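The structure under discussion appears below in the form of structure tokens.
The values are calculated or read from the model by the stated rules, or taken from the named source; none is laboratory data. Model, not experiment: these values are computed from the prediction. Note: ideal-geometry Cβ built from the backbone for every residue, glycine included; neighbour counts use all protein chains shown. Remember, those area values only see protein heavy atoms, side chains included, never the ligands or the DNA or RNA. Shrake-Rupley method; radii C 1.70, N 1.55, O 1.52, S 1.80 Å.
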Amino acid sequence: MTHTEQDLVTGREAMARVKELVEDIDFTMLTTRDPAGNLVSRPMSTRQMDDAGDLWFFTLAGTTKVAESQADPQHDVGLSYLDSKGHRYVSVAGRAEVVRDEAKMKELYSPDLDIWFEDGLDTPGIVLLRVTPVECEYWEPKHGKIVAAAGMLKALVTRDTPDGTMSHGKVTC
């Protein structure tokens, strides 16, 4: 999937598309660095990408992911979104912060989270994890997944690189 600079979507257009994709894909893999320096990922459900671009998640304050994200000097984390059926992908490099804001928690909480938080918003230690993006990238089929699949099949047969099948966006926040 090679791209030229003229193919790259940037700025507000790219950020708007990242927001649409993140809200549509929902689940992400949140990556932190453990004490040994290893990259460790775990699934998280995105509750919101707000107008400022911040991504919001519920978690418990005492979790390893919170400890690892806050132990990093810059609080650096990575988010990887994948829609394998639609061939859509989003990568977010950001900074994590633990937030204890009752109003924001009430805004974002929904009953489907009760499986993880038995007492809902009264669950001891429940907090929000806000990830502020530093850089975002996305890839998705330019002309739908069937055209992308045909382009990739053609490239496989001709042993060429499948040029022009994917749209790529990048934004530095």
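Got a number for carbon plus sulfur as a percent of the range 30-119's accessible area, 1.4 Å probe? Working shown, then result.
Details: 2520 of 4970 Å².
Ligands and nucleic acids excluded, carbon and sulfur give 51 percent.
If amide H atoms are built 1.01 Å from N in the plane of the peptide, which residues on other chains or at least 5 residues away come under 5 Å of the amide H of SER167?
Close amide H contacts, sequence-distant or interchain: GLU140, LYS142.
What distance in nm separates the two pseudo spin-label positions at ALA52 and GLU107, each 7 Å out from Cα along the beta-carbon direction?
Output for this residue pair reads 1.0 nm.
Compute the relative contact order of the range 1-102 as a whole-number percentage, counting only Cα pairs closer than 8 Å that sit 6 or more residues apart in sequence. Let's see the in-between values first.
On the way: 132 pairs, mean separation 24.8, N = 102.
The value is 24 percent.
Please list, in chain and number order, the residues 5+ apart from THR123 or on another chain whose amide H is under 5 Å from its amide H, with Hs placed from the backbone.
Long-range HN contacts for THR123: none found.
Only loop residues by DSSP count here, and only those with at most 14 other Cβ atoms within 10 Å; note down the GluC sites (Glu not before Pro) in the range 61-148 that meet that. Intermediate results must be reported in sequence, preceding the final value.
On the way: sites: GLU68, GLU97, GLU102, GLU107, GLU118, GLU135, GLU137; in loops: GLU118.
Filter output for the range 61-148: GLU118.
Between LEU121 and LEU60, how many nm apart are label points set 7 Å from Cα along the C-beta direction?
2.0
Spelling out what I want: for every residue of the range 106-121, take phi, set θ = phi - 60°, compute 6.51 cos²θ - 1.76 cosθ + 1.60 (Karplus), and round to whole Hz; glycine and proline get x.
Calculated HN-Hα couplings, in order: 5, 4, 9, 6, 9, x, 5, 7, 4, 5, 9, 10, 3, 9, x, 5 Hz.
What spacing in nm lies between the two simple spin-label points modelled at GLU23 and THR10, each 7 Å away from Cα in the Cβ direction?
Placing both labels 7 Å beyond Cα along the Cβ direction yields 2.6 nm.
Aspartates and glutamates within cross-link reach of LYS104: Cα-Cα under 13 Å, excluding same-chain residues under 8 positions apart?
Filter leaves ASP50, ASP54.
Which entries of LYS19/LYS65; LYS85/LYS142; LYS19/LYS142 have Cα-Cα distances beyond 21 Å here?
Values: LYS19/LYS65 23 Å; LYS85/LYS142 15 Å; LYS19/LYS142 17 Å.
Too far apart for the 21 Å limit: LYS19/LYS65.
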